[in-house]
Amino acid sequence: MLEKFPNKIDISGLPEKDSVERVLRFLTEEKGDMEVKVGEKVSKIIFKRFIFKNLEEIISEWEGKIFLICDERVFKIYCEYLKNITSNYFIISGNKNLRNVEKIWKWLIKEKVKRDSLILSIGGGVIGDICGFVSSTILRGVTHYHIPSTILSMMDSSIGGKNGINFNSMKNAIGTISPPEKVFIDLLLLSTIPSKEISAGIVEGLKAGLIGDPEILSLIEEKFPLIKMIDIETIEEILLRAIKVKKYIVEKDPYEKNIRKILNLGHTLAHAIESQQKYKIPHGEAVGIGLIYSLKISEDLGICPAGLKERVKSILQKLGLKTSIEERKDALMEKIKIDKKSTEKGIDFVLLKGAGEPVLMRNLSEEVIFDSLKEVIHENSID
């Protein structure tokens, strides 16, 4: 595992015992825990290295039944640790749809889930959303712990309690707002993630920078080679900054009545692209295209000075991500019109006055929404 990480630990001149202690100190260093208040519920964010070797410690005090729900790929890699935790485990592959939700509901009921049971989920955003939804609906709610296994889920989807299930070609059409009681983040799990997936996940950090912490943009620009090499210290700094931005916003508006809507920057078009592409495009890559699109609208309306769009595009290109895609504009417009953020008065669009200066715009004309698609959507060729 360690060979995959670029971090260099200077042990020159140290005795063997001191060298080992310094390496172990780096590997086991834990950041302070964090709490995110979502309405009346509190979600505790715990940073812990080598999480799977410490699973028994995490659940040792739990007296009720434990139900493990795990992503198929993650289970294959770490099954020697996970099988020892509980005999009640369910492996998931595929999308976050009602078919998978129903399978889990049936399994839990068959295995006699109780109100004092614990659902322990392990995986990326799909697993987090499915298990958050399941745990908040089965028996009207059982305790949920989550271990995110991807950078995107560590940085964004496991924080704040939004659980969305896709239905009838609509992204996140059905869902709840119910955060896990505990989220355990172990950046060493990223050692098994492809570099492209890391880059796509970092886009949520880029979004956090655009809406609340512009320093994140500079970090990504300066250290993108280290990001692609999965440098733990660099990714950890971006991760912590992004979580703090989301924590601030979620605690002010847990149920997305006002300010929390700015977290949707880039997501209106992103969700339309994902649905149109049948979820074969990475979420982060779709969001990156959505960010450029939102900045194009912002510039066209004269609320954002020129330059920020090109800066974001350059960052995405350095990360090896697409900045445009081949798709039908009319089909995307139909998806945008039924986006879950739409109201009777129109669609709420998150735009930018500048880095760190989001603004919520209502009642944008369809002409503006359609015309700006030309920046990122090509019907006959791919950029």
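The values are calculated or read from the model by the stated rules, or taken from the named source; none is laboratory data. All figures in this text were calculated on a predicted structure; none of them were measured in a lab. Neighbour counts run over all protein chains shown; Cβ positions are idealised from the backbone, glycine included.
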Requested in this report: Could you pull out every one of the strands (runs of 3 or more DSSP E) wholly within region 28-110 that has 3 or more residues that are farther than 29 Å from residue 256 by Cα, free of Cβ contacts under 8 Å to residues at least 40 places away in the same chain and touching a strand residue (DSSP E or B) at 6+ places or on another chain (Cβ under 8 Å)?
Outcome: 89-92
Query raised in the report: With respect to residue 316, is the statement that it is surrounded by 22 or more Cβ atoms within 10 Å (Cβ to Cβ), over 25 Å from residue 178 (Cα atoms) and in contact (Cβ under 8 Å) with a residue 24 or more places away in the chain true?
Result: yes
Query raised in the report: Just wondering, is there one or more residues in region 202-220 that are in contact with a His (Cβ under 7 Å, 6 or more places away or on another chain), touching a residue at least 24 places away in the same chain (Cβ under 8 Å) and among the charged types (D, E, K, R)?
Result: no
Query raised in the report: Does residue 98 fit the bill of being surrounded by fewer than 18 Cβ atoms within 10 Å (Cβ to Cβ) and either closer than 25 Å to residue 268 by Cα or hydrophobic (A, V, I, L, M, F, W, C) (or both)?
Result: yes
Query raised in the report: So residue 339 clears everything in (1) in contact with a Ser or Thr (Cβ under 7 Å, 6 or more places away or on another chain); (2) over 20 Å from residue 197 (Cα atoms); (3) of a type outside the set (Ser, Thr, Tyr); (4) not in a loop (DSSP other than H, G, I, E, B) except one condition, right? Which one?
Result: (4)
Requested in this report: State whether the residues of region 220-240 include one that is of a type outside the set (Val, Ile, Thr) and in contact with a strand residue (DSSP E or B) (Cβ under 8 Å, 6 or more places away or on another chain).
Outcome: yes
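With the requirement that a residue be part of a loop (DSSP other than H, G, I, E, B) and within 15 Å of the chain's Cα centre (by Cα), what does region 250-278 give you? Give the steps one after another, and end with the answer.
Our first condition is that a residue be part of a loop (DSSP other than H, G, I, E, B); within region 250-278, this holds for 253-258, 265-266, 277-278.
Listed by number, the residues that qualify are 265, 266.
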**Report entry** Selection status of residue 303, more than 27 Å from residue 193 (Cα to Cα), touching a Leu at 6+ places or on another chain (Cβ under 9 Å) and modelled with pLDDT of 95 or more
**Finding:** yes
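Can you go through 352, 321, 373 and tell me which one is over 22 Å from residue 260 (Cβ atoms), modelled with pLDDT of 95 or more and outside any loop (DSSP other than H, G, I, E, B)?
Unique residue meeting the criteria: 373.
Looking at region 226-243, can you tell me whether even one residue there is without any contact (Cβ under 8 Å) to a residue 40 or more places away in the chain and of a type in the set (Lys, Arg)?
Taking every residue of region 226-243 in turn, at least one turns out to be without any contact (Cβ under 8 Å) to a residue 40 or more places away in the chain and of a type in the set (Lys, Arg).
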Query - Residue within region 279-298 that is surrounded by 22 or more Cβ atoms within 10 Å (Cβ to Cβ), more than 20 Å from the chain's Cα centre (by Cα) and not in a helix (DSSP H, G or I) present - result: no
Query raised in the report: Within the group 289, 315, 297, which residue is under 18 Å from residue 332 (Cα atoms), aliphatic (A, V, I, L, M) and touching a helix residue (DSSP H, G or I) at 6+ places or on another chain (Cβ under 6 Å)?
Result: 297
Requested in this report: Scan region 35-57 for residues that are more than 20 Å from the chain's Cα centre (by Cα), under 17 Å from residue 80 (Cα atoms) and of a type outside the set (D, E, K, R) and report the count.
Outcome: 4
